[in-house]
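Presented below is the structure to which this report refers.
Every number here is computed from the coordinates shown, using simple stated rules; none is lab data. A quick note: this is a predicted structure, and the numbers were derived from the prediction, not measured. Glycine also receives a Cβ, built like all others from the backbone with ideal geometry; neighbour counts cover every protein chain displayed.
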Amino acid sequence: MPELPEVETVRTGLEEALAGRLIEKVEMRRMSLRFAMPEDFAEFLTGRRFGAFRRRGKYLIIETGARGHLLAHLGMSGRFTVIAGDKSHAPYGKHDHVIFHIEGGGRLIYTDPRRFGVLDLVRGDDWQKHRLLAKMGIEPLGNAMNGTFLLDRARGRRTALKSFLLDQRIIAGLGNIYVCEALYRAGISPERPALSLVDEVEASQLALAIQSVLREAIAAGGSTLRDYAQSNGELGYFQHSFAVYGRGGEDCPAKGCGATIVKITQAGRSSFYCPKCQG
DNA sequence: CGGGACTCCTGCCAGC
DNA sequence: TGCTGGCAGGAGTCCC
């Protein structure tokens, strides 16, 4: 499940492989993912060059020529694969939906079995006004994401902190895994209502926990990327090791804690936490 | 407006 | 062995 760190890792990899390269042809093996792609998707991108590679939350905004951008979201199972021009390749898989043919014979393949992902165009330079980006919250790694911000936004909200942090209109880029990890690191229960966040010290700790968890994951992805890309060109999701996520029934990793990690369901999603460390 | 349920889709795995 | 049911999850959309 690509969250911000995975998307950032993909962004870096695509930028290294594709910046400045010409798109010679776009092959559509499917015209619809989560949403229908524009009719002229392939035509619009053909003959353009990849420019800047940006990220906003979990979205990639890839500049393609003048006044045009490719907007991409990996959803749950989306992947980009870069294939070098001098490499032969197996036949396309059934979930390879869009193939960008790059000058020199290379390819960029978008694969997405569950099709929860998004590919769309931005016509013009105002990508921030795209309907999927317009209402997004702040970037969690920016200076604006601090204890004061969290206190302010949590005020009066009865929803659980878990759901609060998953809300992309508040903070853009957190998903189920890193919310669980950040709450564990901050020592805060996912079940507490957001409005219970009133202590400035605690709110700052949560803000710092979110940022450190994300930074570490990005660093881990970056170090993995080179080897990963060499072997098969896939730029996607890397399984890191987590303190609590996916560890229901195991011992809490905190020294001397001895409690067992619990798995609960909140808003239809699994949460993992330590009932002793997280109050 | 807030908050929750529903929905899209397929791979995977446990259980029979 | 093969089928089935449950689960996983990002996030837009709908409804109360």
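A few remarks follow.
- Choice from A:Arg107, A:Arg185, A:Arg247 with maximal GNM fluctuation in chain A (Cα, 10 Å cutoff): A:Arg247
- Global form of the stretch A:1-135, assessed from the alpha-carbon gyration tensor, a/c cut-off 1.5: rounded
- Between the stretch A:21-80 and the stretch A:121-182, the alpha-carbon center distance in angstrom: 23
- Surrounding net charge for A:Leu22, when Lys and Arg each add one and Asp and Glu each subtract one, Cβ distance under 12 Å: +2
- Pairwise alpha-carbon distances in chain A exceed 23 Å for 56% of all pairs.
- Look at A:Lys255, A:Lys135 and count the other Cβ atoms within 10 Å of each Cβ; fewest to most, that gives A:Lys255, A:Lys135.
- Taking the helices alone, chain A has a mean residue ellipticity at 222 nm of -9000 deg cm²/dmol, built from -39,500 (n - 2.57) per DSSP H run of at least 4 residues and averaged over all its residues.
- Where only alpha carbons of the stretch A:121-196 are counted, the Rg and the Dmax (Å): 14.0, 45
- Considering only A:Asp251, A:Asp40, A:Asp112, the mean-square fluctuation computed in a Gaussian network model of chain A, springs between alpha carbons under 10 angstrom, is largest for A:Asp40.
- Reduced Cα scattering model of the stretch A:76-172, Debye log10 I(q)/I(0), q = 0.10 Å⁻¹: -0.49
- Above-threshold pairs, the threshold being 21 Å between Cα atoms, out of A:Lys58/A:Lys129; A:Lys58/A:Lys162; A:Lys255/A:Lys276; A:Lys135/A:Lys263; A:Lys162/A:Lys263: A:Lys135/A:Lys263
- Over the stretch A:178-219: Rg over Rh, Cα atoms, Kirkwood Rh: 0.99
- Environment charge of A:Ile61, counting only residues whose C-beta is closer than 15 Å and scoring Lys/Arg +1, Asp/Glu -1: +3
- Highest-MSF residue in chain A out of A:Gln211, A:Gln266, A:Gln168 [GNM, Cα springs under 10 Å]: A:Gln266
- Absence of a disulfide-compatible partner, taken as no other cysteine beta carbon within less than 4.7 angstrom, is noted in chain A for A:Cys180.
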